[in-house]
Amino acid sequence: MMRRIWIIMFLFLEAVQISANDNSRLYQILDSLIEQYDQLTAEKERRVATIKEGVRGIALTPEQQYDLNQRLYDEYVAYKFDSAFYYIDKNVTALRESDDRDRFAASAVRMAHILSVTGLFDRARRLLDQVNPDSISDQQKIAYYTQQSELNLYRSEMAQSTNYFSDYIKRAQYYRQLAIQIAPKDSYDYVFNKATYICEAGETDQAIKILEKYMVKLEEGTRIYSIVTSTLAYFYQKKQMWEQQERYLLLSAISDERSAIRENNSLRSLSEILMSRGENDNAYRYLYQAISEAQFYGSRLRIMQVGRMAPQVLQLYDMERTQTQQRTNLFLGIISFVSLILAGIIIYTLILYRKKHAAGLQIIEMNKVLAHHTEEIENVNTQMKEANRIKEEYIGRFLELSSLLLSNTEQRMKQLNRLARDRKLEELYAELKTMEPVNTGIRTFHSHFDTAFLNIYPRFINEVNNLLTPENRFAYDDTSTTKHLTTELRILALIRLDITDNQKIAGILRSSITTIYTYRSKLKAKAINKDTFEDDVRKISTY
């Protein structure tokens, strides 16, 4: 009997180890794909460019234009919101007064999807209200009911802990049931709606069986594969089977990264899991990637979901800072104790010096060692002060800027809603067309960046001027209360922060890579020592 128990325990531990190793391997794959982010994005852009080039200069019929817009929408739907919206909006506009109700419904459902994922729920609902399900085919009915279910599901996410949450879930269940009734039983729409419906009804085990059986038919890297694996992660979360939840989140995130799917949620969920385990470095890295992809796609909903983690991130930062301070105090106490011992040795050695001249050489050597340790301590303290100062300054600026941008976005949405409500379409179109809010946001970002950077490196411009030839130095007024940098100085500021990749600098400053390359080349040409100019910039200190 005992032997059988030991065998069972051994097999269980072996299975746990295999599962843990599997997740570790999936993390390695995910990290590798994140490192290839730029290459995968470039491949996606080339694929879309090939589609556009294929019809350049060709006069398309309305049907061909419709199909092209639909195809480009499918490429952009999980990649970039504004482009997907642009192409599907062309179809919706062209078909709004048409008698082809099926095509209009197909386009309206697609537009409602991207409006939902970016948080524009009311606009999505109003668009779906224009579709009469009684006048369209079963195929379009399925898409319509599925989208209604998805819209209510997104609204429930934003209504958590309110009285409206259960209402949205009930409506989502209602539309899922309608889709199940008419969808072919071997279709994705049937399987997915059936699984989510019975899971919400409490049959989570059966829902998992349905999706895991269907998943073997799917190809990794497709959007449907990402959705199914992400949904399975949610099912396992409901059952509190954390290891399986993590595995399916990894599979979903890998599929997203491999296909350049930027509208995703798995990376953020993974960062929460890692943060709960204390793996803060990896959690921050995945969270930063999730923020970057949400901003690239333009999803307000995903950005808001990531923003909810800000208090938790700040709390962890405070904990790390407290632990660092405690370690520093302990280190300083040990050094002080060692210093006292060394001082005693020096005093004792001085007394013995009268008796033996050779002891003087030993004292000199010990003094050198002590001086070396003291210098190392000062260097460590300086680096820690600089790191803490940078961290505190940029955290404060990040929160202030995030709050300001959210406030501006909220005000703009209110303004656009008022224009839409009052049916002032020309004014609404003019507001949607203008780039001024974006330009204002860029100027606000530059202003915050300049102020934060010059607060940390107040002598930066003077130090840069010391590296340039006299005729090429920047004009700067130390008495001015306005702190700002030129584009060239911002490039050097990013280099000082160890951001040296031209593409990343161009993305931050909203410039072209060619412009950044040209500026850097001109700055090197103006330097006293051209070969070490950028290395000298990176050595500029905060004091």
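The numbers here are math on the coordinates, done by the rules we state, and not lab data. Remember, it's a predicted structure, so these values are computed and weren't measured experimentally. All Cβ positions, even for glycine, are placed from backbone atoms using ideal geometry, and neighbour counts span all protein chains on display.
Some notes on this structure:
- Estimated inter-spin distance, ASP535 and LEU425, nm [label 7 Å along Cα→Cβ]: 6.4 nm
- The stretch 180-302 - Rg (one decimal) and Dmax (whole number), Cα, Å: 15.0, 48
- Extent along principal axes [Cα atoms of the stretch 254-293; Å; largest to smallest]: 30, 16, 13
- The stretch between LYS524 and ARG418 holds 33.0 nm of extra length on full extension. This uses 0.36 nm per residue minus the Cα-Cα distance.
- Two-site FRET efficiency, THR162 against TYR517, from Cβ-Cβ distance with R₀ of 56 Å, rounded to 0.05: 0.65
- An ellipsoid equivalent to the stretch 415-454, defined through the eigenvalues of its Cα gyration tensor, has semi-axes of 32, 9, 4 Å when rounded to whole angstrom and sorted largest first.
- Between the stretch 186-201 and the stretch 265-296, the alpha-carbon center distance in angstrom: 29 Å
- Cα-based reach from LYS356 at 23 Å (exclusive), listing lysines while leaving out same-chain residues under 8 positions away: LYS368
- Spherically averaged projected area of the convex hull of Cα atoms, the stretch 27-139: 9.3 nm².
- Residues of the stretch 209-242 with amide N under 20 Å of the 7 Å Cα→Cβ point at SER24: 242
- For the stretch 60-126, the list of trypsin sites (Lys or Arg not before Pro) that fall in a loop by DSSP and count at most 12 other C-beta atoms within 10 angstrom reads ARG96.
- Loop GluC sites (Glu not before Pro), the stretch 210-243, which have at most 14 other Cβ atoms in a 10 Å radius of their Cβ (DSSP): GLU219, GLU220
- Two-site FRET efficiency, LYS209 against GLN130, from Cβ-Cβ distance with R₀ of 56 Å, rounded to 0.05: 0.90
- Sites GLN177 and ASN455 - FRET efficiency at Förster radius 35 Å, r taken between beta-carbons, to 0.05: 0.05
- Extended-chain gain in nm, criterion 0.36 nm per residue less alpha-carbon gap, ILE364 and GLN325: 10.7 nm
- Per residue convex hull volume, Cα atoms of the stretch 104-153, in Å³: 58 Å³
- Pairs beyond 32 Å (Cα-Cα), from LYS90/LYS238; LYS141/LYS209; LYS170/LYS217; LYS52/LYS530: LYS90/LYS238; LYS52/LYS530
- Relative packing of peptides 157-169, 26-38 - highest average C-beta neighbours within 10 Å first: 26-38, 157-169
- Residue list for the stretch 120-164, given a label point 7 angstrom along the Cα-to-Cβ vector of GLU97 and an amide N cut-off under 19 Å: 130-131
- Cross-link partners of LYS355 among aspartates and glutamates (Cα-Cα below 20 Å; sequence separation of 8 or more within a chain): GLU365
- Shown here for the stretch 48-146: GluC sites (Glu not before Pro) in loop regions (DSSP other than H, G, I, E, B) with at most 11 other Cβ atoms within 10 Å, namely GLU97.
- The slack between ALA343 and GLU219, meaning 0.36 nm per residue of separation minus the straight C-alpha distance, is 37.5 nm.
- Pair-distance distribution P(r) for the stretch 125-205, from all Cα-Cα distances in 10 Å bins starting at 0: 19, 48, 28, 5 percent.
- Highest average first, the peptides 268-275, 512-519 ordered by how many other beta carbon atoms sit within 10 Å of their residues are 268-275, 512-519.
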